[in-house]
Amino acid sequence: MHRLIAILGLRRTRIPERLDRAIRKQQDESERLIGWIQFAVLSMFGILYAVSPKTFSPDARFEPVPWVLAAYLGFTVLRLWLSYRRFLPGWFVAVSVVADILLLIGLIWSFHIQYAQPPSFYLKSPTVLYIFIFIALRALRFQTGYILLAGVSASAGWVALVLYVIYSDPSDPMITRDYITYMTSNAVLIGAEMDKVISILMVTLILVVAVGRARSLLIRAVTDEAAARSMARFFPEAVAKRIASGEKEAALGQGVARDAAILTIDIRGFTPLTAGMDPGDMIRLIAEYHARIVPVIRRHNGAVDKFLGDGILASFGAVDDNPQRVADAFRAIRDIMAEADTWNEARRHEGAAPIGVNAAIAAGEIIFGVIGEEDRLEYTVMGDPVNLAAKLEKHNKTEHSRALAMASTLDRAIAEGFDGLDWERLPARRIDGAEGPVDLVTLI
């Protein structure tokens, strides 16, 4: 039974409220679409009825079709108006489904009165085909319950029409077992009418299975899309796309060697700056710092690898190959310092202490891959450039500089199109943890 419920899509899948709201919004839009399609079908039926020659006797005592069409038109317009004014509750949609079927069954029933024929006359009406349209329309909401309701209501309605024929005149039930007699007279063939009921139920069941499976895929797709959007807030955009679109799931041990530029950024004197600061104020300071610096990194094709308190580690050309990776890193660091100056100007106007931002660039071959533990994986960069960038950033304190890089790294950036005019060369400098003197450059 549980398996059948799952196949039919009748089990309500637990999903986050925000996703449920998104799906309900789509269902509301679908209900409007259903209303407009029904309005179009009704209009077409009404036009055809109005312009076609009437085949019933002019002396017919009652012409019910216009009345039924008018009632259905009024109900359709009301439902459309309500669907644009407010959210339609489930009970109202259910009533609408039953009302649609009842109005159609009532229209079919009225034919024998309009054409002055015995009740069995309406059983041969081709209007029965409209039942399948009304059932299929319910598939647009991706809710199997309403499809079942429409199909069961239609089947019950048709059984009621057959029973009315059989019992309306007890002296003449008009039942036959001869197919030719059935086809050439107003006689009733029970098997033929049951075929119609079975066809209605089978079409309903097929639609329920199809829509149930489609709804499961829809929920999964919406959930995955929302997860991808959320993931993009925790990963660089390029990494999130790699995870979401990869043919294989990210797995521990995956890695690739890349030539990349590494950028490290840090707030100078962060510990004494925040000593005694309220925790909420400290987090707000970090948040504003990230809000100003990270967009600059992204603007120059960089990807933030991780946040380390007041430190930021970013890479250029690690996630995706970038022929101007080193030049982009230098452009980013120049704009980051300009943004830091703008931030400090605003802080001075507020009476707050200025923030010193240090940065460093290193370039070379790194490993970009997945580390961690099976239940907690992380994409990251590793290699000598990462370590060198961290050492250069700390060396800013020795040089009293804001940003440092190896002179050879600047030469690579210039070869990639960077102008390099705002950097000064510092020859033969010694860096803690590095062997021998090296030529550095500093941002002027």
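The values are calculated or read from the model by the stated rules, or taken from the named source; none is laboratory data. On a predicted model such as this, the values are computed, not experimentally measured, just so you know. Don't worry about glycine lacking a Cβ; one is built from the backbone with ideal geometry, like all the others, and counts go over all protein chains shown. Areas reflect the complete protein model, heavy atoms only, side chains present, ligands, DNA and RNA absent. Shrake-Rupley method; radii C 1.70, N 1.55, O 1.52, S 1.80 Å.
One table, with the values for the structure above:
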| read-out | value |
| --- | --- |
| Region 138-152 residues that are more than 15 Å from residue 104 (Cα to Cα), paired with ones that are open to solvent by 30 Å² or more (accessible area, probe 1.4 Å) and basic (Lys, Arg) (beta carbon under 9 Å, 6 or more apart) | 142/215; 143/215; 144/215 |
| Every pair of residues 6+ apart whose Cβ atoms lie under 6 Å, when the first sits in region 317-345 and is within 12 Å of residue 263 (Cβ to Cβ) while the second is aromatic (Phe, Trp, Tyr) | 318/368; 325/316; 328/316; 329/316; 330/418 |
| Yes/no for residue 374 being open to solvent by 60 Å² or more (accessible area, probe 1.4 Å) and either modelled with pLDDT of 85 or more or more than 38 Å from the chain's Cα centre (by Cα) (or both) | no |
| Residue ranges of strands (runs of 3 or more DSSP E) in region 343-444 with at least 2 members among the hydroxyl-bearing types (Ser, Thr, Tyr) | 376-382 |
| Tabulated pairs, region 422-443, first basic (Lys, Arg), second part of a loop (DSSP other than H, G, I, E, B), C-beta under 7 angstrom, 6+ apart or interchain | 429/437; 430/437 |
| Subset of region 113-136 that is among the hydrophobic types (A, V, I, L, M, F, W, C) and over 28 Å from residue 96 (Cβ atoms) - its residue that is modelled with the lowest pLDDT | 116 |
| Some residue of region 288-298 being under 20 Å from residue 380 (Cβ atoms), open to solvent by less than 60 Å² (accessible area, probe 1.4 Å) and touching a Leu at 6+ places or on another chain (Cβ under 9 Å) | yes |
| Number of positions in region 140-156 that are at pLDDT below 85 and of a type in the set (A, V, I, L, M) | 1 |
| Count - residues of region 147-181 that are open to solvent by less than 30 Å² (accessible area, probe 1.4 Å) and part of a helix (DSSP H, G or I) | 12 |
| Cβ-Cβ under 7 Å pairs, at least 6 apart or on other chains, region 94-110 side modelled with pLDDT under 85, far side open to solvent by 10 Å² or more (accessible area, probe 1.4 Å) and among the polar types (S, T, N, Q) | 107/127 |
